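In what follows, a structure is listed as structure tokens, so that the remarks can point back to it.
Each reported figure results from applying straightforward, stated rules to the coordinates on display, with no laboratory input. Just so you know, these numbers come straight off a predicted model, no measurement behind them. Because the Cβ atoms are built from the backbone with ideal geometry, glycine has one as well, and the counts that use them run over all protein chains shown.
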Amino acid sequence: MEKKVGVYICQGCGIGDALDVEALKSVATDEFDVAVCKSHECLCHKPGIELIKNDIKSDGVNVVVIAACSPRVMYDVFDFGSDKIVERVNLREQVVWSHPPQDEDTQMLAEDQLRMGLAKAAEVELPEPFVAEDLSKKILVVGGGLTGMVAAREAARAGYDVVLVEKEPELGGYLRKIYKLPPATPPYEKPEDVKLDEFVSEITSLDKVTVYTNATVASIEGAPCMFDAIIVQGSKEIKERVGAIVLATGAVPYDASKLEHLGFGKYSDVVTIQQVEEMFLSGEVKRPSNGQPVNSVAFILCAGSRDPEHLPYCSSSCCVEVLKQVSYFKENNPDCTVYVFYKDLRATGVYELFYKHLQKQKVFFIKGDVTGIEDDGSGNLVLTAEDNLTRSPIMTEAVDLVVLATGMVPTTAFGEPYKAPTSEEGEEVEEVPPDTILVSNLLNLKYRQGPEIPALKYGFPDSNFICFPYESRRTGIYPAGSVRSPMDYVRAIDDAAGAAMKAIQCVELTSQGKAVHPRAGDTSFPEFFMQRCTQCKRCTEECPFGAINEDEKGNPLPNPTRCRRCGVCMGACPERIISFKNYSVGMIGNMIKVINVPDEYEEKPRILVLACENDAYPALDMAGLRRLQYNPWVRVIPLRCLGSMNIIWIADALSKGIDGILLLGCKYGDDYQCHFIKGSELANVRMSKIKETLDRLVLESERVRVEEVSITDYHKLPKILDEFAEKLEELGPNPYKGF
Ligand code: SF4
Ligand code: SF4
């Protein structure tokens, strides 16, 4: 595409009052090849937009550089069609709203911002969307329990074909094993019938849903809109091409045999909540030891849960399950004596009404830790406990049955230990707590990175993305229900609908060649200049989403529809042969090159800020919105993710005389907030390489700093930037200035 660049400088929102706009225009026209350069008092209003549209029409402008507000706002207003390149220069939030007006340093900052935007515009090409061949919008749901059935129903109702795979002979999952559900209708005092048969026939009668029972997934290969799943049903192999996958394989109860200290295995009258459901479902409500009726029962909540020795987390549903079972026993025998020992009784929302109702039924709710269970000599059980409210020891009367409320363990938590990817030097690039991150054999993905979705702590394949629930580390695969996180029936229903919607979003956007999340709508994808590839495998290993397979020679085999466009591979590639049409090593390098670096006598140091566009860049905008003022030496370049940072930019910037570099990324570690999981962590890992660069240039290590910021940390930014500037002043100017 032959480029014709039009530059449009807005004078609204205080820009015109704070800056010398004519001088800015001269920067554009004198230093760059631009066809048109105009200013306008309010570019986003109709006359401003018309001005640009006229130039597009009459002068053939096809690259529009808007020097105005942040690129995070008005993107729809400044959209001139998919055949036009639009580059935004942030003069408002990050220049005039965060720096004093009519000031030499503010003007220099604005001019550099414009230079960087124009340098980028000169390099950017229009992305051509990757459109999958033989694409499918069918949704595969693995697991036919409550979550799987709801996900299948919701996707089918939205008009999508669904394949539902269940390993058991019938749909229903855990619902088949329970007597009743917690109350869901006013006055929320009575457990409700399960009505499973009605639900199952609703699912099986949906034309758009194909159900395979007694079936498992033997393998899945491919990528969103092009997944090829092999489903095995008896001796039959069924091949299905699907667009997205909902993983709804649920959880299993914690192994009660590990709870010997609570009497399980020692006394046959110590049972689990699952066994109580079986008793009521079968109508055989008897003591296992002697077949006598149950006239007294003690429940122990958090049996093994919220306990570092067993399950350190709360399983979120057991409290309400126990309340439900208390009401079973009371209904069965109103005189039944019931004790409930709890750490906290987490009955939220309408369940509070259920709890209050049961408090009136002569149930002993005791906030306390059970310290012992003994046979009283007659076969009955006596519990001793520490009452946490009165701080006194207590002892129950002898009871017929003790029920342990065991927690849930995700079905993904069984299998081989998850192996962390390794760096070029063989070091693990992410920290994996021993025995906590595991993979299973539910999906059998044919991915270079392993057969299952990597899980977080405790084996849940949740994303930990506060902004993106249902995400996993495998694009197009959405865990839902208790496999994703401990949850009760109501939340599982919501979760199923949410995951179905994500799967639909995935197939719709992927079929148009667009990224799904977090860069929703982005049509760029990484391109590899394979002639120079050394098969080092850095890209395949560091891609957080397993988007790149490799052939037997180690050549990367990218799967564009798995890609989330983070650029981590671009940052990892030592040969710098991975680029996007609108984001590349050269592009950012050129932005750095055009920053005007005054010589050391001018006492105007320069700080390059490479800011993650997901949190750090918006935080800088927020600082501007609140008119927080910070050092004017900073020159901010947004990165898709700090993990896309290539070391060459640091070397280039330092060799050019830039005094310091600040890398602003998201929080990393177990409770990371990085939208690309480990991008900011990788940037930190690469700091050792940065140190080599600094040593080679004989520069102080303090000249490069990494800071973790979330969007809500905007108020901390002025201090971070100002302190860094002070530090650089102490160090003195970069000796490479002027070279
Ligand atoms: S851009 Fe990100 S998701 Fe895509 S291949 Fe590269 S590292 Fe993987
Ligand atoms: S990181 Fe670059 S050189 Fe290494 S395998 Fe990937 S594309 Fe090839």
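Structural remarks
- Note on D197/Q292: beta-carbon distance plugged into 1/(1 + (r/R0)^6) with R0 of 41 Å gives a FRET efficiency of 0.80.
- Around the Cα centre of the stretch 491-629, unit charges on the Cβ atoms of Lys, Arg, Asp and Glu (plus for the first two, minus for the last two) sum to a dipole of about 220 debye.
- Percentage of interatomic Cα-Cα distances in the chain larger than 46 Å: 35 percent
- T510, T204, T337 arranged by Cβ crowding within 10 Å, fewest neighbours leading: T204, T337, T510
- Charge dipole magnitude, Cβ of K and R +1, D and E -1 - the stretch 243-315, Cα centre, debye nearest 20: 80 debye
- Backbone N within the stretch 269-292 under 11 Å of label point (7 Å from D375 Cα along the Cβ vector): 269
- Segment D30..D599, full-extension length gain: 202.7 nm, with 0.36 nm per residue of separation and the alpha-carbon distance subtracted.
- Subtracting the Cα-Cα distance of K691 and L557 from 0.36 nm times their residue separation leaves 45.1 nm of extension gain.
- Pairwise centroid distance, computed over Cα atoms, of the stretch 442-517 with the stretch 381-403, Å: 42 Å
- If you take the Cα centroid of the stretch 210-265 and the Cα centroid of the stretch 128-156, the two points sit 15 Å apart.
- Kirkwood hydrodynamic radius of the stretch 135-263, Cα pairs, Å: 16.1 Å
- Among I231, I711, the ranking by other beta carbons within 10 Å of each residue's beta carbon, starting with the fewest, stands as I711, I231.
- Pairs beyond 23 Å (Cα-Cα), from K604/K737; K177/K266; K457/K514; K581/K604: K177/K266; K457/K514; K581/K604
- With Cα atoms, 0 to 90° folded angle of helix 21-31 axis to the chain main axis: 80 degrees
- Nearest-ten-degree value, helix 273-282 long axis tilted from longest Cα axis of the chain: 50 degrees
- Residues with amide H under 5 Å from that of G368, placed H, sequence gap 5 or more: Y342, N388
- 3J(HN,Hα) along the stretch 252-262: 10, x, 4, 5, 5, 5, 7, 10, 4, 4, 9 Hz, from the Karplus curve 6.51 cos²θ - 1.76 cosθ + 1.60 with θ = phi - 60°, whole Hz, x for Gly and Pro.
- V490-D344 FRET efficiency (beta carbon distance; Förster radius 22 Å; 0.05 resolution): 0.70
- Summarised as an ellipsoid, the stretch 561-701 has semi-axes of 24, 20, 15 Å, derived from the eigenvalues of the Cα gyration tensor scaled by 5 and square-rooted, with the largest first.
- Full extension of the chain segment joining E352 with R157 gains 66.9 nm, where the gain is 0.36 nm per residue of separation less the Cα-Cα distance.
- Quarter of Cα convex hull surface for the stretch 527-579, i.e. mean projection, nm²: 3.1 nm²
- With eigenvalues of the C-alpha gyration tensor scaled by 5 and rooted, the stretch 1-147, Å: 35, 20, 14
- The chain: antiparallel DSSP beta bridges as a percent of all, rounded to 5: 35 percent
- Per-residue 3J(HN,Hα) values for the stretch 396-412, derived from phi via the Karplus relation 6.51 cos²θ - 1.76 cosθ + 1.60 with θ = phi - 60°, read 7, 6, 4, 10, 7, 9, 10, 10, 9, 8, 7, x, 10, 10, x, 5, 7 Hz in sequence order (x marks Gly and Pro).
- Between the beta carbons of E2 and K38, assuming R0 = 22 Å, the FRET efficiency works out to 0.60 to the nearest 0.05.
- Rounded, prolate or oblate (a/c below 1.5 giving rounded, otherwise prolate when a/b exceeds b/c) for the stretch 452-492 by Cα gyration tensor: prolate
- Taking each DSSP H run with n ≥ 4 as -39500 (n - 2.57) and averaging over every residue of the chain yields -8000 deg cm²/dmol at 222 nm.
- Long-range HN-HN contacts of I9 with modeled amide H, under 5 Å: K38, S39, H40, A67
- Our coupling estimate for the stretch 602-610, obtained by passing each phi through the Karplus curve with A = 6.51, B = -1.76, C = 1.60 and θ = phi - 60°, is 7, 6, 10, x, 10, 10, 8, 10, 9 Hz, Gly and Pro reported as x.
- On Cα atoms only, tilt of 489-511 relative to the major axis of the chain in degrees: 30 degrees
- Taking the chain and dividing mean pair separation by its residue count, relative contact order in percent (alpha carbons under 8 Å, at least six apart): 12 percent
- The distance between label points at D387 and K167 comes to 4.6 nm (points 7 Å beyond Cα on the Cα→Cβ vector).
- K716 paired with M395, simple spin-label distance in nm, labels 7 Å along Cα-to-beta-carbon: 5.4 nm
- Our compactness index for the stretch 476-518, the C-alpha radius of gyration over the empirical 2.2 N^0.38 Å, is 1.30.
- Between Y267, F329, F364, the Cα set farthest toward the positive side of the dipole of the chain (charges on each charged residue's Cβ, about the Cα centre) is that of F329.
- Size of charge dipole - the chain - debye, nearest 20, with Cβ of Lys, Arg +1 and Asp, Glu -1, no other charges: 1180 debye
- Residue exposure sequence - R626, R635 - by fewest surrounding Cβ within 10 Å: R626, R635
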